[in-house]
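Working notes, structure below.
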Amino acid sequence: MSIKTFRGGAHPSERKDRSQHAPIEKVSSVPQVVIPVNQHFGAPIQPLIKVGDFVRLGQKIADAEGRMTVPIHASIAGVVKKIEPRMQSNNIEGLCIVIEPKDTPEGESDREFMPPLDPFACRKEEALLRIREAGIIGMGGAGFPAHVKLAPTKPISLVIANAAECEPYLTIDERTLLEMPDKIVDGLSIVMKIINASEGIIAIEENKKYTIPLVQKAIEENPQVRAGMKIGIQVLKTKYPQGGEKMLITAITGRQVPSGGLPMDVGCVVSNVGTLCAIADAFREGKPLIDRGFTVTGEACKTPKNIIAPVGTVVADLAKSGVIDIDEESLSKVIFGGPMMGVAVPSTEIPVQKNTSGVLLMSVEEALRFEEKTCIRCSRCIRACPMKISPALLAIAIESGNYGEAEKIGLQDCIECGACSFVCPAHRYLVQRFRVGKQVLRALKQKEAQNVR
Amino acid sequence: MSDKKIILSSSPHTFSPVDTPRIMLSVVIALVPAAAYGIYLYGLAALGVILTSITAAVLSEFLFRKLIKASTTVGDFSAVVSGLLLALVLPPATPLWMVALGAVFAIVVAKEFFGGLGANPFNPALIGRAFLLMSFPAAITSWNMPKGLALPADAVSTATPLNLIKQGNSLADVAKYFGASDIGAFYRQLFIGYRPGTIGESSILLVLLGGLFLLAIGVIQWIVPVSVLASTFVFSWLLGMDPVFSLLTGGIAFGAFFMATDYATRPLTEKGQALYGIGIGLIAVLIRKFGGYPEGVTYAILIMNVLTPFLNKLRTKKYGFLPPPKPVKPSKEATK
């Protein structure tokens, strides 16, 4: 099998060995869950319950009308203690529902799942509604509503199951490939059925090549594949950001998602393997997205491991209940996500969300800080940029306030992968400037549009 | 726990270990073989030039930045690189005060006046050399005889192969002058570097060795050196000069790998780098063929440095680039 890749990229040290051999551990008893109401990308939703209410596992606790909305479900059975703004993993305070576990009143069920639904016998609308009602969003990071992604307005020929996991440290997708390949294949086949795609590909980076025989076996045993559905595996070069949607599509198909466009413009849909598993669960068990797998690692985590925990689990609670052991002395940085694109948060008192793929607890030695030096114009960033937007030149345009030039170079095309800042020998704040620059450019454009009116 | 020590910063949270001082030191390492060979050929005089140049470069950067109350930057080792590069493109007999003056001019005028590392439009080492060449033409064009090289008894002064070609001698005569039995043997002699020249340029073998080392560790990319060498070869051949001799002599190989690849003064984009390299080769050949100087690599690179900001406009097409929609011609639509 040929190994494919994209142009550019970087090679951060992987550090996956810390947690890659730890089987996924299921955490079911937590002292509380703090569930952010708005975890998806789209219109805000409202709580459906009040403080003091008893909620069952899987009960819908927040929702709203609208296409770009996704409901939230109780991830444990218990009593609603508080509904108040709390710090979330995106470093913004947002409305959260706090639930503490409590035994179910006599004779009542403690769970409220939906009835199973056969994805291959139901209509497309029913299937999409099921995915929405299950509260499924993209679990790779962006949190885009799955039912919107799976209702593309253009014909789709290829569905890519993203198991590239190019972020260093993170191993949850790798463990999912090893431990539940059948569920991934099932989820992929369901998605292919819903959007009527002719081909499915499970994309795996070379460093996880050893999982291929297991995945291959799962594919061969899948009833849909036996009935003629086409699902394959593609090995990709281990390189960051190989798991980026656009890089994945280009590596596999050679097509480039047009600037400002979506994967569907080139006939592709990309879905993280975690999302595919959640979709399979939503149909087979009627289970909404109430828990997720993620990696807890970093030098300040004495017990690097992969766990499945309820959505809303507070990281500090995992330590208190002995699931993980945090080296408080050396803990210097808490990151939700991986080291390349993850968000640094102010404490461990932050809940895990539907799109949390990892919690990285960095030690003092790991959390390096550098003084920004002058650009030596080495062009490493230009070679690393997977979007080919010449970061060094873009930074010069932004620093000189020339947003017209910045837009022309491709500021809005930046996927904020951070490969430029990673490779910079002068530790320039490149992607950091582009993040701010994007906001400034958007504001300038809005102002312009208002002036025209 | 105290939350005070938790660091907040925008991603990425991990960084490549390759930083500026490491890059500069690797360039120094790459230059060691050529420099050592220069010292072997010309003895302590060459060593003196090298040490004087580096010391003057580092000191002048340190003192100048102190004077203007800017942060000290000698720790990035870029002044060491500039000083060493300048020494290697000077004749071994250059008076040491001249060497020091050239190094100070290179660092203070060509680099610090423009804002320091990365902001200089011209290659500092070459500005230093050009400054000395214009100020003291005789000293910078008088050559020492490499150790043990025997010349015909009637040779009045030492000349580089390019000097002799400029004086109208044929390549066969030049080969004979340097004691080579035929042109093939002369090529080999030039490749090894047994001829008069600047301290670091003579041995193509050792220059290549250093250049390949930098290519292998990713400090430089192939586009600039390859385009410089290829364009030199092609344009010499087109102008009726011996293309192999053109590559093996003068400073073209040294310039291609160590001067033209200077980060701050070469274009950042791949297309820009290719044109830049081609331009250097062309101008160097034109100066050798038609100019007043026997060698033109210094000026070729400096002239192309001027064009770098314009060549930077030649960016690689961004990912997913869509050409702007062509304006629809209403008349054509109407007739249809």
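Could you list, in sequence order, all residues of the range A:437-453 that are in contact (Cβ under 8 Å) with a residue 24 or more places away in the chain and not basic (Lys, Arg)?
A:Gly437, A:Val440, A:Leu441, A:Leu444
Against the definition (over 20 Å from the mean Cα position of the chain (by Cα), closer than 19 Å to B:Ala119 by Cα and among the hydrophobic types (A, V, I, L, M, F, W, C)), how does A:Leu393 come out, yes or no?
yes
Any idea which of (1) closer than 30 Å to B:Phe321 by Cα; (2) within 10 Å of another protein chain (Cβ to nearest Cβ); (3) surrounded by fewer than 24 Cβ atoms within 10 Å (Cβ to Cβ) is the one A:Val452 doesn't satisfy?
The failed condition is (2).
Of the residues A:Asp265, A:Asp281, only one is more than 20 Å from the chain's Cα centre (by Cα), over 23 Å from A:Pro168 (Cα atoms) and assigned to a helix (DSSP H, G or I); which?
One residue alone meets the criteria, A:Asp265.
Starting from residues that are more than 7 Å from every other protein chain (Cβ to nearest Cβ) and in contact with a helix residue (DSSP H, G or I) (Cβ under 6 Å, 6 or more places away or on another chain), keep the ones in the range A:368-381 and report whichever is surrounded by the fewest Cβ atoms within 10 Å (Cβ to Cβ).
Out of the qualifying residues, it is A:Arg380.
Against the condition crowded, with 17+ Cβ neighbours inside 10 Å, in a helix (DSSP H, G or I) and in contact with a Pro (Cβ under 8 Å, 6 or more places away or on another chain), how does B:Gly255 come out, does it pass?
Here the answer is no, as B:Gly255 does not meet what is asked.
Looking at the range B:41-48, can you tell me whether even one residue there is away from chain A (no Cβ under 14 Å) and over 24 Å from B:Ile204 (Cβ atoms)?
Scanning the range B:41-48, I find at least one residue that is away from chain A (no Cβ under 14 Å) and over 24 Å from B:Ile204 (Cβ atoms), so the answer is yes.
Could you tell me how many of the residues in the range A:393-408 are surrounded by 24 or more Cβ atoms within 10 Å (Cβ to Cβ) and within 7 Å of chain B (Cβ to nearest Cβ)?
Looking only at that region, the number is 0.
Hey, can you tell me all the residues within the range B:98-137 that are among the small types (Gly, Ala, Ser) and touching a helix residue (DSSP H, G or I) at 6+ places or on another chain (Cβ under 6 Å)?
B:Ala100, B:Gly102, B:Ala103, B:Ala106, B:Ala110, B:Gly118, B:Ala125, B:Gly128, B:Ala130
Give the residues of the range B:116-146 that are in contact (Cβ under 8 Å) with a residue 24 or more places away in the chain, hydrophobic (A, V, I, L, M, F, W, C) and over 25 Å from B:Arg266 (Cα atoms), sorted by residue number.
Hits for the range B:116-146 are B:Phe136, B:Ala139, B:Ile140, B:Trp143, B:Met145.
Just checking, does the range A:198-211 include any residue being more than 30 Å from B:His13 (Cα to Cα) and hydrophobic (A, V, I, L, M, F, W, C)?
The answer is yes; a qualifying residue exists.
Return a yes/no flag: does the range B:107-123 have any residue that is part of a helix (DSSP H, G or I), within 14 Å of chain A (Cβ to nearest Cβ) and either surrounded by fewer than 19 Cβ atoms within 10 Å (Cβ to Cβ) or on the phi > 0 side of the Ramachandran plot (or both).
yes
Is at least one residue of the range A:207-214 under 14 Å from A:Cys166 (Cβ atoms), of a type outside the set (Val, Ile, Thr) and surrounded by fewer than 21 Cβ atoms within 10 Å (Cβ to Cβ)?
Scanning the range A:207-214 turns up at least one residue that is under 14 Å from A:Cys166 (Cβ atoms), of a type outside the set (Val, Ile, Thr) and surrounded by fewer than 21 Cβ atoms within 10 Å (Cβ to Cβ).
Since A:Arg292 meets every condition but one in (1) within 13 Å of another protein chain (Cβ to nearest Cβ); (2) at pLDDT 95 or above; (3) over 30 Å from A:Cys424 (Cβ atoms), which condition does it not meet?
That leaves (1) as the condition not met.
Filter the range A:193-229 for residues that are polar (S, T, N, Q) and either part of a helix (DSSP H, G or I) or touching a strand residue (DSSP E or B) at 6+ places or on another chain (Cβ under 8 Å) (or both) and give the result.
A:Ser198, A:Asn207, A:Thr211, A:Gln216, A:Asn222, A:Gln224
A:Ala251 - would you say it is closer than 15 Å to A:Val273 by Cβ and surrounded by 20 or more Cβ atoms within 10 Å (Cβ to Cβ)?
No, not satisfied.
Test A:Lys246 against the criterion of being of a type outside the set (Asp, Glu), within 14 Å of chain B (Cβ to nearest Cβ) and under 17 Å from the mean Cα position of the chain (by Cα), and give yes or no.
So A:Lys246 passes the test.
Taking the options B:Leu25, B:Leu8, B:Leu41, B:Leu51, name whichever one is at pLDDT below 95, closer than 22 Å to B:Ala103 by Cβ and of a type in the set (A, V, I, L, M, F, W, C).
B:Leu41
Among (1) without any contact (Cβ under 8 Å) to a residue 12 or more places away in the chain; (2) within 19 Å of B:Tyr299 (Cβ to Cβ), where does B:Phe113 come up short?
It is condition (2) that B:Phe113 fails.
Any idea how many residues of the range B:286-329 are within 14 Å of chain A (Cβ to nearest Cβ), out of contact with any Phe, Trp or Tyr (no Cβ under 6 Å at 6 or more places or on another chain), part of a helix (DSSP H, G or I) and buried (at least 19 other Cβ atoms within 10 Å of the Cβ)?
The qualifying residues number 1.
Only one of (1) crowded, with 23+ Cβ neighbours inside 10 Å; (2) within 14 Å of chain B (Cβ to nearest Cβ) is not met by A:Thr171, so which one is it?
Answer for A:Thr171: the failing condition is (2).
Kindly check whether there is at least one residue in the range A:355-367 that is touching a residue at least 24 places away in the same chain (Cβ under 8 Å), of a type in the set (A, V, I, L, M, F, W, C) and more than 11 Å from chain B (Cβ to nearest Cβ).
Yes, some residue in the range A:355-367 is touching a residue at least 24 places away in the same chain (Cβ under 8 Å), of a type in the set (A, V, I, L, M, F, W, C) and more than 11 Å from chain B (Cβ to nearest Cβ).
Please give the number of the condition A:Cys414 fails out of (1) at pLDDT 95 or above; (2) out of contact with any Phe, Trp or Tyr (no Cβ under 7 Å at 6 or more places or on another chain).
The number of the failed condition is (2).
The values are calculated or read from the model by the stated rules, or taken from the named source; none is laboratory data. Everything numeric here is computed off the predicted structure, so don't read it as measured data. With ideal geometry, Cβ positions are generated from the backbone for all residues, glycine too; neighbour counts draw on all protein chains shown.
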